Each structure stands twice: as C-alpha cells, then as structure tokens.
1. Output the residue which, of all residues in region 173-199 that are without any contact (Cβ under 8 Å) to a residue 24 or more places away in the chain and more than 21 Å from the chain's Cα centre (by Cα), is surrounded by the most Cβ atoms within 10 Å (Cβ to Cβ).
2. Inside region 192-215, can you point out the residues that are in a loop (DSSP other than H, G, I, E, B) and either more than 17 Å from N242 (Cβ to Cβ) or not aliphatic (A, V, I, L, M) (or both)?
3. For region 118-161, what are the residues that are touching a residue at least 24 places away in the same chain (Cβ under 8 Å), assigned to a helix (DSSP H, G or I) and surrounded by fewer than 17 Cβ atoms within 10 Å (Cβ to Cβ)?
4. Kindly check whether there is at least one residue in region 323-333 that is within 39 Å of the chain's Cα centre (by Cα), of a type in the set (S, T, Y) and in a helix (DSSP H, G or I).
5. Mind counting the residues in region 182-221 that are in contact with a Ser or Thr (Cβ under 9 Å, 6 or more places away or on another chain) and under 24 Å from K311 (Cβ atoms)?
6. Please state which of the following conditions G238 fails to meet, knowing it meets all the rest: (1) crowded, with 18+ Cβ neighbours inside 10 Å; (2) touching a residue at least 60 places away in the same chain (Cβ under 8 Å); (3) of a type in the set (G, A, S).
7. Checking R108 against (1) in the same structural domain as D223 (by TED's automatic domain parsing); (2) touching a residue at least 12 places away in the same chain (Cβ under 8 Å), which single condition isn't satisfied?
8. Determine the pairs where a residue that is under 16 Å from G282 (Cβ atoms), located within region 307-324, has a partner that is β-branched (V, I, T) and surrounded by 20 or more Cβ atoms within 10 Å (Cβ to Cβ) with Cβ atoms under 9 Å apart, the partner being 6 or more residues away or on another chain.
Amino acid sequence: MYLAKVIIEGISHFFLRESYRKDDIWCFRDLFSFGPDPSVFIRYPGGNSFYIDEAVEEGVLREGGIYDENEVEQLLMAFVDPYIRDVVDRFCRPLSRKLSKLGVDDKRRIAEEIHIFDRRRLHYLRYGAIDQGRIYKAPDKIFRILLDKSRDELEQYFLSEERVLQSRELKQYIYVIFNIQRYFTELSARLAPAALPTAKVDDRFVEEICALDGDQGFWIGLDRDDRIHPYLRRYLTGYFDNQWPENRASEEYIRRFVNEHRTYRPPASQRTKMEVASTLFGVSWEDLRSMSQRELTRLYRKKAHELHPDKGGEQEKFVDLTELYKALSERNK
C-alpha cells in the first residue's frame, strides 16, 4: 500500500492505494479515500496513543485489499498530532531490515524494467550529480526500490522524495533528469548549465517533456487523455517558474577550466600586473583595490561572462582574469 496525494479542483485529496499485477502489467487501485484531511480518521483514546478509525479497515477489506494496521499507521504518521508523533518516534523506532543480496534475476530486472527517466531521477536524488555520465556505474541496489511498483506508485514515490529539493535546485534537477546536457558539447553542459544559451536549453526541455508525455511504455498501467499528464505538469512549472542555482556550479566549472588550461608563466612585475588587471577588469588598479569582496565578485562575474571562450572570448585572457580575481580576493580576506 501507499498514500497518494491528488489535486482535485485545486484541493489536495489523499487516497490509500495499492499496486497490483494484471496480465504482466503493474496497475493500481484505490482502497480508501481519506478526502482532504486524513487526520479525521485518527483517533486518540488518551495518553500518548492513537489508532486508525475502523472505517479505514472496513473500506480496504470491502475493496478486496489486505489491511495491515502497522503499515497504515506509518503511512498516516505525518497527520498524527505532532506531540504524540514525537513520543511514538522516540519509543517505537522502526526495526531496520537487512535487505537480501541482489541476485542475478534482480539485476536483470533492474536493467530491463526500470525506465531511464526513473533511473535519472533517483540517481540525482541520491548523489546530486549534474553529470549523469556515471549513472550506469551506480550500484544496482539503490534502484531496487523502484521494482514492483505501478506507474502511479512510482510517481507518488518521486513526489515525496522531491520534497527535499529546495526551489533554487529544482530547475537544475529538471535539466538533469530530462538529460538536456546531451544536446550540448560545451563543458558547462555537465557542470554549469546556467552558462548555456537559455533559448536553446528551453527548446530542448520542451521537446523532451513532450517526448516523455508521448512515451506509451512509460505510462503503461495509467489512464491517459490528450492533455499533458499532471505528473509531468509539475516539471513544466518547476522549470519555468524557477531560476538556476547560485553560481556554485559556475564557479566550479571556471575553476576546473582554469586548472585544465593553466600553463606556467614567469611572475610579472607589480606594474605589469596592475596594467593587466586594469585592462581586463576595465577599471583602475586603485578602484579594484578599494572594492569590497561583493563588488569585486560582481565585476568578475560580468567580465568572466564576456571573456569566456564559449562566448567568443580569448582563453588566455579568461585565465588571467580568474587568477587576478583570486589574488585580489586573497587580499580582501
């Protein structure tokens, strides 16, 4: 069983569902509807205890399901009174289960049955890597949780897991899971997608989301109509309503680029360094020295964008600019 959240006329409704196998296809069915507020089915007999209303068990049995009281309690734990939930969490820690070792058949099923889109999503949520080049080198055991689930249960699982993502990371996450990087040869595609041409990235994203929406193999076991599925709409809004994360990835990209293209240069005289810095930054040496770190960083990012080789700039000037910025930043510490 799993708890599903569905938006109906703008209001969240919750359902107890289960995945089941029918003609070699994983389907799902509703076992009980909690409506907008599952907490109304939680009873408090006194003390620090609670139980689930008998109506839930009766409803599940009526639909032909198997009722597991402990499982249902865990699924509804987020709706339990916070004080009682805290007490229960302290004294009733769930027993850790040691998973059996993956067999040959399990590995085969993971390779054959798990859709690449699901694999990318889970890989990012576990490792946070923009570059998905090593996705098939990830241990098979992390993907075991995706087996034996209907498409609906998988989407509800990812809805829950994606809650850990902050808004500033959401656009990057969507860029990765739709594998937009494969359309670009620039190094920034694997490290700092914010540096790529915005319109081209947007166009590729729209193409990919339309392709997934039309992938019948992905949606098997789930009823569809002609509109884009609500499970995909969240990625459309998440992508276009959010910005790329702060320049951490961009700075890492620049650092790696400089390291890979650095060559030995004899130390320049102080006057030569001042002249070069003034030329590259476009302001006098005195102005550079008097800038705060925030002002210096803002100017550096502007000039780095102009001088970047991917933007038609000269590699040597780009490296010089970055090294001068590091030297000036050290003086500001």
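1. Across region 173-199, the extreme among qualifying residues is P197.
2. Selection gives P197, G214, D215.
3. L125, D140, K141, L159, E161, listed by residue number.
4. Scanning region 323-333 turns up at least one residue that is within 39 Å of the chain's Cα centre (by Cα), of a type in the set (S, T, Y) and in a helix (DSSP H, G or I).
5. So the count comes out to 6.
6. Just one mismatch for G238, condition (1).
7. (2)
8. H308/I254; F318/I254; T322/I254
The values are calculated or read from the model by the stated rules, or taken from the named source; none is laboratory data. These numbers were taken from a predicted model, which means no experiment stands behind them. In this analysis, Cβ positions are derived from the backbone assuming ideal geometry, glycine residues included, and neighbour counts consider all displayed protein chains.
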